[in-house]
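Asks: To start, I am sharing the structure in question, which I have written as structure tokens.
The values are calculated or read from the model by the stated rules, or taken from the named source; none is laboratory data. Computed from a predicted model, the values in this text were never measured in an experiment. Please note: Cβ atoms are built from the backbone with ideal geometry, for glycine as well, and neighbour counts cover all protein chains shown. These accessible areas exclude ligands, DNA and RNA; they are computed on the full protein's heavy atoms, side chains included. Shrake-Rupley method; radii C 1.70, N 1.55, O 1.52, S 1.80 Å.
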Amino acid sequence: MIEASAPSNIALIKYMGKVDSQSNIPSNASLSFTLEKLRTTVTLEKIKNVADQWSPLTGNDFYNLQLSEKGVQKFLNHFARLKKEFAIDGYYQVKSANNFPSDAGLASSASSFAALTEATYLLKKSTHADFTKSKTELAALSRMGSGSSCRSFFSPWSTWDDRGAREAHIPIKNLIHRAFIYETSAKKVSSSEAHQRVVMSPLFKEDENGISRIDRAEIRLKNLLLAFSENNWRLAFEICWQEFWDMHELFHTCDPSFTYLTDEVCHVLKQMKEKWDREGRGPLITLDAGPNVHCLFREEDADLVGAWEKEFAPGSKKS
Ligand code: DP6
């Protein structure tokens, strides 16, 4: 039996909008921090069957994973693509699970597809030891299954642009990640659907300053890298803040428009921003395509984590 695991990642400059939806070619470059502790494990075992099968992986280290029929299909289609690419015969029992709850509003598609790609590569290597693919090549294959998964091959920072995914060299490491989960029900609009819809927003073409979404993301990426290199944490926070609002504005202004924001999340974001302004320090804050807030604290701000957890824990502090 083959086993592999891969981490999730959280984007600070977002992949939102595709140039090609078949092969997940992004409209703009993105940047993410790899969440080493939030992982998906995949196992592969040969079966005497006429089709590949998926089932949840069970064990003490895992949360129960339920995939929709569509989700299973997407996962097995990616496996079939990889088997073809690596010339692997036969059919397999594919099992997967996360070490974090899948209903916790945390994106597991990045870690799932990265782990499946890695496991299939190890499967090939188990019979062909000299078969070699670089991390860059594996990331490019993984991208075909789910775009954001290609960034999970690099750590702690990863960037992905038209040259592919690779490590981003950023002098700030060991960030402490906390996700504040305010909504655990399934998303009404999947991120794949969001990618298709955002290009219909007038803000995708240009904002009030005549700048396109693609240019806004590229400018922010450049400025964020500069802010990190100059250790300007406050500026880094501002850029990440503007970037996630930009993505959510695209959701609010496309046709048909949609939102992931709840009253509770809007309230919490306002409180978090006020706390940052009042105290002059805090974490980077971002939202993915969902109503949950991700915070990244610097090691030197570790003393803040407890207070932020206490103040913003879901269900508490409503005024
Ligand atoms: C909002 O990678 O889930 O998390 O390529 O269609 O599978 P597909 O989309 P996916 O999109 C992730 C979008 C995002 C931003 C990001 O991770 O950059």
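Asks: Output yes when any residue across the range 216-231 is free of Cβ contacts under 8 Å to residues at least 12 places away in the same chain, acidic (Asp, Glu) and not in a loop (DSSP other than H, G, I, E, B), and no when none is.
Replies: We begin by selecting, within the range 216-231, every residue free of Cβ contacts under 8 Å to residues at least 12 places away in the same chain; these are 219, 222, 226, 230.
Next, only the ones that are acidic (Asp, Glu) stay: 230.
Adding the requirement that they be not in a loop (DSSP other than H, G, I, E, B) leaves none.
No, the range 216-231 has no match at all.
Asks: Taking the range 246-285 as the region of interest, how many residues are out of contact with any Gly (no Cβ under 7 Å at 6 or more places or on another chain) and in a loop (DSSP other than H, G, I, E, B)?
Replies: Count: 12.
Asks: Follow-up question, since we're still on this one. What number of residues in the range 286-309 are in contact with a helix residue (DSSP H, G or I) (Cβ under 7 Å, 6 or more places away or on another chain) and either assigned to a loop (DSSP other than H, G, I, E, B) or without any contact (Cβ under 8 Å) to a residue 60 or more places away in the chain (or both)?
Replies: Taking the range 286-309 and keeping what is in contact with a helix residue (DSSP H, G or I) (Cβ under 7 Å, 6 or more places away or on another chain), we get 286-287, 289, 291, 293, 295, 297-298.
Okay, now just the ones that are also either assigned to a loop (DSSP other than H, G, I, E, B) or without any contact (Cβ under 8 Å) to a residue 60 or more places away in the chain (or both), so 287, 289, 291, 298.
Looking only at that region, the number is 4.
Asks: Inspect all residues belonging to the range 235-245 and state whether any of them is over 23 Å from the mean Cα position of the chain (by Cα) and open to solvent by 60 Å² or more (accessible area, probe 1.4 Å). It would help to see each step written out before you state the result.
Replies: Residues of the range 235-245 that are over 23 Å from the mean Cα position of the chain (by Cα), as a first pass: none.
No: the range 235-245 contains no residue that is over 23 Å from the mean Cα position of the chain (by Cα) and open to solvent by 60 Å² or more (accessible area, probe 1.4 Å).
Asks: Output yes when any residue across the range 21-39 is within 14 Å of the chain's Cα centre (by Cα), open to solvent by 10 Å² or more (accessible area, probe 1.4 Å) and of a type in the set (Ser, Thr, Tyr), and no when none is.
Replies: No, every residue in the range 21-39 fails to be within 14 Å of the chain's Cα centre (by Cα), open to solvent by 10 Å² or more (accessible area, probe 1.4 Å) and of a type in the set (Ser, Thr, Tyr).
Asks: I would also like to ask the following. Which members of the range 126-146 meet the condition of being buried (at least 23 other Cβ atoms within 10 Å of the Cβ) and either farther than 15 Å from Leu82 by Cα or touching a strand residue (DSSP E or B) at 6+ places or on another chain (Cβ under 6 Å) (or both)?
Replies: Ala139
Asks: Could you identify the single residue in Phe75, Phe79, Phe62 that is touching a residue at least 24 places away in the same chain (Cβ under 8 Å), hydrophobic (A, V, I, L, M, F, W, C) and within 30 Å of Cys254 (Cα to Cα)?
Replies: Details: Phe79 fails: within 30 Å of Cys254 (Cα to Cα); Phe62 fails: within 30 Å of Cys254 (Cα to Cα).
Sole residue among the options that is touching a residue at least 24 places away in the same chain (Cβ under 8 Å), hydrophobic (A, V, I, L, M, F, W, C) and within 30 Å of Cys254 (Cα to Cα): Phe75.
Asks: Among helices (runs of 4 or more DSSP H) lying entirely in the range 134-215, which contain 3 or more residues that are within 18 Å of Pro26 (Cα to Cα) and away from the ligand (no atom under 15 Å from the Cβ)? Quick ask: steps written out before the conclusion?
Replies: Working: elements: 135-145, 191-198, 202-205.
Result: 135-145.
Asks: On to the next question. Condition test on Lys18, is it over 14 Å from Ser142 (Cβ atoms) and at pLDDT 95 or above?
Replies: Values: over 14 Å from Ser142 (Cβ atoms): yes; at pLDDT 95 or above: yes.
Yes; evaluated as a whole, the condition is true for this residue.
Asks: Please work out which residue is least open to solvent (accessible area, probe 1.4 Å), limiting yourself to the range 249-278 and to residues that are touching a residue at least 12 places away in the same chain (Cβ under 8 Å) and charged (D, E, K, R).
Replies: Lys275
Asks: Any residue in the range 15-36 that is within 11 Å of the ligand (Cβ to nearest atom) sitting within a Cβ distance under 6 Å of a residue that is of a type in the set (S, T, N, Q)? List the pairs, counting only those 6 or more apart or interchain.
Replies: Pairs found: Tyr15/Ser30; Tyr15/Ser148; Gly17/Ser27; Leu31/Thr159; Ser32/Asn9; Ser32/Ser158.
Asks: Further question: Given the residues Ala87, Ala179, which is the only one that is open to solvent by 20 Å² or more (accessible area, probe 1.4 Å) and farther than 22 Å from Asp288 by Cβ?
Replies: Working: Ala179 fails: farther than 22 Å from Asp288 by Cβ.
Only one candidate qualifies: Ala87.
Asks: Within the range 257-286, can you find the residues that are within 23 Å of Asn28 (Cα to Cα) and at pLDDT 95 or above? So that I can check it myself, show each step before the final result.
Replies: First, pick out the residues of the range 257-286 that are within 23 Å of Asn28 (Cα to Cα): 257-260, 284-286.
Within the range 257-286, Ser257, Phe258, Thr259, Leu284, Ile285, Thr286 qualify.
Asks: Now for a separate question. Has the range 48-63 got any residue that is charged (D, E, K, R), part of a loop (DSSP other than H, G, I, E, B), modelled with pLDDT under 95 and surrounded by fewer than 23 Cβ atoms within 10 Å (Cβ to Cβ)? Don't jump to the end; show me each part of the working.
Replies: Quick first cut of the range 48-63, residues charged (D, E, K, R) only: 48, 52, 61.
From what's left, part of a loop (DSSP other than H, G, I, E, B): 48, 52, 61.
From what is left, the residues that are modelled with pLDDT under 95 are 61.
From what is left, the residues that are surrounded by fewer than 23 Cβ atoms within 10 Å (Cβ to Cβ) are 61.
Scanning the range 48-63 turns up at least one residue that is charged (D, E, K, R), part of a loop (DSSP other than H, G, I, E, B), modelled with pLDDT under 95 and surrounded by fewer than 23 Cβ atoms within 10 Å (Cβ to Cβ).
Asks: Sort out which residues of the range 120-133 are farther than 16 Å from Ala6 by Cα, of a type in the set (Ser, Thr, Tyr) and outside any loop (DSSP other than H, G, I, E, B), and write them in order of number.
Replies: Of the range 120-133, the ones farther than 16 Å from Ala6 by Cα are 124-133.
Right, trim to of a type in the set (Ser, Thr, Tyr) and you get 126-127, 132.
Ser126, Thr127, listed by residue number.
Asks: If you take the residues in the range 109-125 that are farther than 18 Å from Ser148 by Cβ and open to solvent by 10 Å² or more (accessible area, probe 1.4 Å), which one is farthest from the ligand (Cβ to nearest atom)?
Replies: Within the range 109-125, the match that is farthest from the ligand (Cβ to nearest atom) is Lys125.
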